[in-house]
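Worksheet for the structure shown next.
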Amino acid sequence: MQISDVMVTGAALTPFNRRRDGTGFRDWVVSAFGTALELSGLDRSDIQALYVASESDFFHLQLNPASVLATELGLTGVAATRCEGGGASGQIAVHTAARAIQAGAAKHVAVVGVDPSASSLSGDAIRELYGFSFDAWTDGMTGLTSTALYALSYQVFAAEHGTTEADLTTVTCQNRSNACHNPGAHLHRRDGPQEITDSPPIAIPYQRLHCSPLSDGAAALILSRRDAMPANRATAPTLAGMGAASDHMHLGARENAGSFAAKTQAMQRACAEVGIGPGEIGIAEIYDAYAGAQLQAIAALGLSAEVSRDLQAGAFAPTGRCAINLSGGLMGQGAPVGATGVGQTATCALILEGRYHPELQPQTLPRYALADTHGGVCTLAAVTILERGSSAL
Amino acid sequence: MISHRLTLEYTLHPGWLAPFVEGIASGNAMARRCKSCAGTSFPPLRVCLCSETEGEWVKLSGMAHILFRTSGQDGDFGLVQFDGATTKTTLRLIDIADEDTCGVIAAPKSNLPMLCLTRLPSGRST
């Protein structure tokens with residue numbers, strides 16, 4: 001069986017924001033799963049396995065969340081697996097679920113991603129916890145924050161690639177502008193250069209507005225084997241290729257501290273499964289934890305050999321040759337970590353079917369879409385390429 | 001709304017990393033020198049970049065050159081190159097002026113294995 005035999009028959013996201021409305025993470029998962037299941041046309045009893053992406057028990061204070069969520073979803077009895085890889089948790093869950101279908105272990109599986117990253121703990125507590133996402137015994141104990149490590153890595157990249165503050169501004173403005181058309185996005189604000197400059201310096205060159213917000217939310221997918229796909233889902237896209245890779249956990253041990261080498265490897269593996277090159281990607285949801293991380297990702301994924309030039313020429317704008325982060329990305333849509341990768345894949349699937357938010361939906365459906373995540377400072381990378389269904393709208 | 005305060009007291013055993021952790025506590029940079037290629041990693045790598053697993057602990061001079069630095073609300077941090085190391089190191093910068101290009105390892109003031117670089121004593125240079 002080929003990877004292209006795995007179809008995305010259901011896809012949904014809850015709004016990403018600070019959920020201080022009395023709801024909890026179980027509610028969000030139930031909501032996203034219900035919407036995705038409805039799109040798939042399947043019945044709850046058709047789901048044979050559940051894969052749950054969630055970064056940390058610290059966020060929801062629930063160990064063994066997969067079994068709890070299986071019960072909440074009315075799936076008691078199915079195989080339930082929790083997948084974790086920092087910021088890459090969502091994509092890892094997607095990969096694990098798709099591989100199960102490829103292996104013949106199931107015909108229909110559910111993937112849910114969730115994290116209450118914003119409202120259950122203070123910002124300072126979350127910042128300290130994220131510091132342990134790298135090497136807890138060196139970087140974490142030293143007090144190195146996520147923003148500081150990303151800032152150091154980006155400086156190395158900028159020195160090599162010649163990217164500038166103007167490029168950080170362009171990414172920030174573009175992603176936040178896209179988010180304004182996404183009703184489920186965390187931030188609905190159009191930040192301009194002055195607002196960015198005036199925002200507090202977190203770890204230079206990163207001001208606060210160059211950073212993605214902490215968010216709460218969930219996303220869900222229903223994946224199905226092609227020969228078991230419901231008759232009404234002929235437009236469903238396929239998971240055409242997947243790739244994952246890791247890099248040295250210490251930034252300083254890497255040959256190039258500014259290069260996301262694991263992302264390059266992951267992308268090469270995914271492209272090899274599809275039989276295409278990066279140039280054929282028409283839209284991409286990129287892991288933009290910080291504005292500079294998006295630039296580093298564009299280079300590592302092979303989407304551009306001249307990142308600054310192509311960015312400023314509009315190549316990654318909504319009408320560009322490869323629209324990036326139409327959802328607003330992490331910087332605009334938000335970052336509930338476990339939900340991020342699942343949500344990116346759901347976004348790509350909805351766009352490839354012409355089902356996305358009207359103001360963001362490309363008029364011409366691209367053939368290939370890319371969902372890209374990583375954990376750590378790209379210590380662990382996981383990417384997924386989706387292909388438009390042959391009968392898409 | 002459920003409000004719950006959870007206090008955790010961890011006791012972590014550094015195991016193989018003990019020389020490194022103890023070195024930091026006393027303001028020393030204990031690195032790992034590869035038996036095969038002599039590559040010297042700091043922080044130490046259990047498996048060298050050349051894939052060799054055998055090596056020995058060596059004490060570096062503790063002096064380092066600052067390659068990149070960042071500052072802001074999160075504090076001052078740098079990517080530095082310690083003299084005698086072949087890998088680079090991310091660490092906290094303490095009392096190092098913007099124009100300073102080098103510093104020396106300092107014992108942390110907390111009980112955590114916090115990698116810190118501070119300004120060189122006057123008259124000392126790399």
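The values are calculated or read from the model by the stated rules, or taken from the named source; none is laboratory data. What you see is a predicted model; the values in this text were computed from it and never measured. Because the Cβ atoms are built from the backbone with ideal geometry, glycine has one as well, and the counts that use them run over all protein chains shown. All accessible areas refer to the heavy atoms of the entire protein, side chains included, with ligands and DNA or RNA removed. Shrake-Rupley method; radii C 1.70, N 1.55, O 1.52, S 1.80 Å.
Would it be correct to say that A:T14 is modelled with pLDDT of 95 or more and over 30 Å from B:S3 (Cβ atoms)? Full working, then the answer.
Details: modelled with pLDDT of 95 or more: yes; over 30 Å from B:S3 (Cβ atoms): no.
No, not satisfied.
Residues A:E255, A:E273, A:E353: which one is within 14 Å of chain B (Cβ to nearest Cβ), more than 24 Å from A:T169 (Cα to Cα) and of a type in the set (D, E)? Steps first, please.
Details: A:E273 fails: within 14 Å of chain B (Cβ to nearest Cβ); A:E353 fails: within 14 Å of chain B (Cβ to nearest Cβ).
Matching residue, one of A:E255, A:E273, A:E353: A:E255.
For (1) more than 12 Å from the chain's Cα centre (by Cα); (2) open to solvent by less than 10 Å² (accessible area, probe 1.4 Å), each residue gets a yes or a no:
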| position | (1), (2) |
| --- | --- |
| A:N325 | no, yes |
| A:G329 | no, yes |
| A:Q333 | no, no |
| A:P336 | no, yes |
| A:G343 | no, yes |
| A:Q363 | yes, no |
| A:P366 | yes, no |
| A:G375 | no, yes |
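How about the range A:136-176: which of its residues are more than 7 Å from chain B (Cβ to nearest Cβ), farther than 17 Å from A:R309 by Cα and touching a residue at least 40 places away in the same chain (Cβ under 8 Å)? Let's see the steps before the verdict.
Of the range A:136-176, the ones more than 7 Å from chain B (Cβ to nearest Cβ) are A:136, A:140, A:146, A:150, A:153-154, A:157-176.
The next check asks that each one be farther than 17 Å from A:R309 by Cα; those that pass are A:136, A:140, A:146, A:150, A:153-154, A:175-176.
Of everything in the range A:136-176, those that are more than 7 Å from chain B (Cβ to nearest Cβ), farther than 17 Å from A:R309 by Cα and touching a residue at least 40 places away in the same chain (Cβ under 8 Å) turn out to be A:S146, A:Y150, A:S153, A:Y154, A:N175, A:R176.
Yes or no: B:G39 modelled with pLDDT of 95 or more and surrounded by 13 or more Cβ atoms within 10 Å (Cβ to Cβ)? Please lay out each step first, then the result.
Numbers: modelled with pLDDT of 95 or more: yes; surrounded by 13 or more Cβ atoms within 10 Å (Cβ to Cβ): yes.
Criteria met by B:G39.
Of all the residues that make up the range A:224-258, how many are open to solvent by 40 Å² or more (accessible area, probe 1.4 Å) and within 30 Å of A:A136 (Cβ to Cβ)? If you could, list the steps in order and put the result at the bottom.
The first filter runs over the range A:224-258 and keeps only residues open to solvent by 40 Å² or more (accessible area, probe 1.4 Å), leaving A:225-227, A:229, A:231-232, A:234, A:244, A:246, A:248-249, A:255-256.
Filter once more, keeping what is within 30 Å of A:A136 (Cβ to Cβ): A:244, A:246, A:248-249, A:255-256.
Adding up the residues that qualify gives 6.
Look at A:A284 and say whether it is open to solvent by less than 30 Å² (accessible area, probe 1.4 Å) and part of a strand (DSSP E or B). Break it down into steps so the answer makes sense when it comes.
Values: open to solvent by less than 30 Å² (accessible area, probe 1.4 Å): yes; part of a strand (DSSP E or B): yes.
The answer is yes for A:A284.
Answer yes if at least one residue in the range B:14-23 is in a strand (DSSP E or B), modelled with pLDDT of 95 or more and buried (at least 19 other Cβ atoms within 10 Å of the Cβ), and no otherwise. Don't jump to the end; show me each part of the working.
At the first step, the residues of the range B:14-23 found to be in a strand (DSSP E or B) are none.
No, that holds for no residue.
Can you tell which of B:L93, B:L45, B:L112 is open to solvent by less than 30 Å² (accessible area, probe 1.4 Å) and either at pLDDT below 95 or part of a strand (DSSP E or B) (or both)? Quick ask: steps written out before the conclusion?
Values: B:L45 fails: either at pLDDT below 95 or part of a strand (DSSP E or B) (or both); B:L112 fails: open to solvent by less than 30 Å² (accessible area, probe 1.4 Å).
Just one listed residue meets the conditions, B:L93.
Going residue by residue through the range A:204-213, is there one that turns out to be surrounded by fewer than 19 Cβ atoms within 10 Å (Cβ to Cβ), more than 21 Å from A:G329 (Cα to Cα) and within 14 Å of chain B (Cβ to nearest Cβ)?
Looking for residues that are surrounded by fewer than 19 Cβ atoms within 10 Å (Cβ to Cβ), more than 21 Å from A:G329 (Cα to Cα) and within 14 Å of chain B (Cβ to nearest Cβ), one finds at least one in the range A:204-213, hence yes.
Those residues that are within 11 Å of another protein chain (Cβ to nearest Cβ) and either surrounded by fewer than 22 Cβ atoms within 10 Å (Cβ to Cβ) or in contact with a Ser or Thr (Cβ under 6 Å, 6 or more places away or on another chain) (or both), I need them from the range B:48-65; list them, please.
Matches in the range B:48-65: B:L49 only.
In the range A:62-97, what residues are of a type in the set (A, V, I, L, M) and open to solvent by 50 Å² or more (accessible area, probe 1.4 Å)? Spell out how you get there, then give the answer.
In the first step, residues of the range A:62-97 are kept if they are of a type in the set (A, V, I, L, M); the result is A:63, A:66, A:68-70, A:73, A:75, A:78-80, A:88, A:92-94, A:97.
If the condition is that a residue be of a type in the set (A, V, I, L, M) and open to solvent by 50 Å² or more (accessible area, probe 1.4 Å), then A:L63, A:A79 are the ones that fit.
Is it the case that the range A:358-381 has a residue that's in a strand (DSSP E or B), modelled with pLDDT of 95 or more, under 17 Å from A:Q294 (Cα atoms) and in contact with a His (Cβ under 7 Å, 6 or more places away or on another chain)? Spell out the reasoning first.
Narrowing the range A:358-381 to residues in a strand (DSSP E or B): A:368-375, A:380-381.
Filter once more, so that each one left must be modelled with pLDDT of 95 or more: A:368-375, A:380-381.
Still in the running and under 17 Å from A:Q294 (Cα atoms): A:369-375, A:380-381.
Adding the requirement that they be in contact with a His (Cβ under 7 Å, 6 or more places away or on another chain) leaves A:380-381.
Checked the range A:358-381: at least one residue is in a strand (DSSP E or B), modelled with pLDDT of 95 or more, under 17 Å from A:Q294 (Cα atoms) and in contact with a His (Cβ under 7 Å, 6 or more places away or on another chain).
Hey, could you check the range B:74-94 for residues that are of a type outside the set (D, E, K, R) and more than 15 Å from A:T142 (Cα to Cα) and say which is nearest to the other protein chains (Cβ to nearest Cβ)?
First, pick out the residues of the range B:74-94 that are of a type outside the set (D, E, K, R): B:75, B:77-82, B:84-87, B:89-91, B:93-94.
Remaining after also requiring more than 15 Å from A:T142 (Cα to Cα): B:81-82, B:84-87.
Working: B:Q81: 8, B:F82: 9, B:G84: 14, B:A85: 9, B:T86: 9, B:T87: 5 Å.
Step by step, filter the range B:74-94, then rank; the result is B:T87.
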